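Trainee: First the structure, which I've put down as structure tokens, then a few questions once you've had a look.
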Number of protein chains: 2
Amino acid sequence: MPSRPARKAVAIDATSADTKTRILDAAEHLFMEHGFEATSLRSLTSAASVNLAAVNYDFGSKEELFQAVLTRRLDPMNQERIVLLEKVEREAPGRPPSCEKILFAMLVPALKLARDEKRGGKNFLRLLGRAYADPAPFIRHFLSAQYAEMIGRYKEAFLRALPHLSRQELTWRLHFVMGALSYTLAGTDALKLFSQVTLTDRDNDELLLQRLAPFLVAGLKAPALADTRKLELVSGD
Amino acid sequence: MPSRPARKAVAIDATSADTKTRILDAAEHLFMEHGFEATSLRSLTSAASVNLAAVNYDFGSKEELFQAVLTRRLDPMNQERIVLLEKVEREAPGRPPSCEKILFAMLVPALKLARDEKRGGKNFLRLLGRAYADPAPFIRHFLSAQYAEMIGRYKEAFLRALPHLSRQELTWRLHFVMGALSYTLAGTDALKLFSQVTLTDRDNDELLLQRLAPFLVAGLKAPALADTRKLELVSGD
DNA sequence: GTAGAATTCAAACGAGCGTTTGAATTGACC
DNA sequence: GGTCAATTCAAACGCTCGTTTGAATTCTAC
């Protein structure tokens, strides 16, 4: 058994699991930190302490590796979201569940994932938030396929819980919800809004959702666009 | 005067303005479409019908070009936001302006920019939304510097308009607002939420803000986190 | 018209990229 | 212990990248 020097270890606990898992873990970390394009397979494989060719051997290509990184966490999380929604719907048979309950069913699996460091934790959510904004077509197509069923189910549930909203209105509002959610989960903080608030503390996850949920619920429940208040574009004086 | 063939024209109206402007226009388009890393200077310069070396001659480097692309639109827009906020504050002296008015002062310059095709229009806003989510450090540092003053002023204004919110609460909510805003402006629609709603129609810009503003205002006005509703993590029924 | 600065140009540099190859090594099973 | 498939490995392939260079060209001003 040769010594296996691990040349440029980037704090990934390599040399533990099997090759595919080590690659996935290193990829999750590096794609999150630098993005897809800016992460080279050479830095990735040396961080995972595997041979350069291993990515193409195990996953086929860099793009397929990226999809594997996403699907490993995303598939179970979205499945859990659906299960939770069905449970919430079963708890109040006949009547539609409240807007809050539906939203929580959507947020809680993400929060649980964020806390489970064994499943990528916050790293993965940041990666996911960035993937939402990535222009690469293969990422966009992959994400819409992964989310299609979950989003569809929730849209129907919200539609029943918010009867004052037309389907089109709700579509827009879910768009806003996903925006605030992904931006928050990504934890990018591009605008340095936070001077002292740290997102890295473990206890802050739950607090974050306790702040996000009321904001989103209030937005969702807002009156529908009907009393068309005129939006005067810089009325001259 | 040689014929100048314009090899791989990508629908940029090249050969009109001066070199620097042609480069900025092509860069705005391509950075929006493919992102920073995935846009090569070779495709960019040939789209702009300028020599490959022109970028380094006029801007120094690819990174400096990217910053120039952003600053060309962002600087005037954020300045206009500040002017508008001051105008709104002057209109009701003594009393703080309403939450709606403050938010509109923030949104209207973005809408105006989106409509002005001569100033990049929606292309630029999509680029901006993507820049928010880009992990590259030089982008993040640049954006926070560009936004610092504007965000600070608005935070103070909102703080006066929403006295029930602590400074920290407001910071979070502005974070959510920026998330929904940038995600919406970016028009990424990663989740294919929209089947038939098209964002490309010219008239839809105003409609978009008329839908976004009530959502955000309701979220901002929501009660502060005090009646700490317990967020039970999947109560194992 | 000519000097001198500014700009444009073709060409090349060195480096890094994703991927492929074919031999070496390992592991499982008869 | 031998066989065969699965895996790992070092090396190379072909290509594209951002940047630099130095000569050619254009522009400006006397």
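Values quoted throughout were computed directly from the atomic coordinates according to the rules given, and no laboratory measurement underlies them. Since the model is a prediction, treat every value here as computed from it, not as a measurement. With ideal geometry, Cβ positions are generated from the backbone for all residues, glycine too; neighbour counts draw on all protein chains shown.
Trainee: For the ranges B:212-220, B:62-70, what's the packing order if you count other beta-carbon atoms within 10 Å of each residue, average per peptide, and put the highest first?
Mentor: Descending packing order for the listed peptides: B:212-220, B:62-70.
Trainee: Determine the shielding of peptide B:30-37 by partner chains: average, over its residues, the number of Cβ atoms on other chains within 10 angstrom of each Cβ.
Mentor: Per residue, the average neighbour count from other chains is 3.
Trainee: Right, next: Using the Cβ atoms and a cut-off under 13 Å, what net charge is assigned to the surroundings of B:Thr39, where Lys and Arg are +1 and Asp and Glu are -1?
Mentor: Summing Lys/Arg as +1 and Asp/Glu as -1 gives -3.
Trainee: Of B:Lys101/B:Lys155; A:Lys62/A:Lys112; A:Lys87/B:Lys221; A:Lys221/B:Lys221, which ones are farther than 22 Å apart at the Cα?
Mentor: From the list (B:Lys101/B:Lys155; A:Lys62/A:Lys112; A:Lys87/B:Lys221; A:Lys221/B:Lys221), the Cα-Cα distance tops 22 Å for A:Lys62/A:Lys112; A:Lys87/B:Lys221.
Trainee: Where Lys and Arg each count +1 and Asp and Glu each count -1, what net charge lies around B:Ala222 among other residues with Cβ under 11 Å from its Cβ?
Mentor: Net of charged neighbours comes to +3.
Trainee: Still on this structure, please answer the following. What's the magnitude of the charge dipole for segment A:101-177 around its Cα centre, counting Lys and Arg as +1 and Asp and Glu as -1 at the beta-carbon? Answer in Debye, nearest 20.
Mentor: Dipole magnitude for segment A:101-177 comes out near 200 debye.
Trainee: Same structure, new question: Looking at B:Gln146, B:His164, B:Gly121, which one has the Cα that reaches farthest to the positive end of the dipole of segment B:89-166 (charges on Cβ: Lys, Arg +1; Asp, Glu -1)?
Mentor: Going by the charge dipole, the pick is B:Gly121.
Trainee: With the label 7 angstrom out along Cα to Cβ, how close does B:Ser40 come to the same site in each of the other copies, in nm, nearest first?
Mentor: Shortest to longest, the spacings are 1.6 nm.
Trainee: Which shape class, rounded, prolate or oblate, goes with segment B:8-163 when its Cα gyration tensor gives a ≥ b ≥ c as root eigenvalues, a/c under 1.5 marks rounded, and past that a/b bigger than b/c marks prolate?
Mentor: It comes out prolate by the Cα gyration axes.
Trainee: Next question, about the same structure. Report the label-to-label distance for A:Lys87 and A:Arg115 in nanometres (one decimal), using points 7 Å from each Cα along the Cα→Cβ vector.
Mentor: Between A:Lys87 and A:Arg115, the simple spin-label model gives 1.3 nm.
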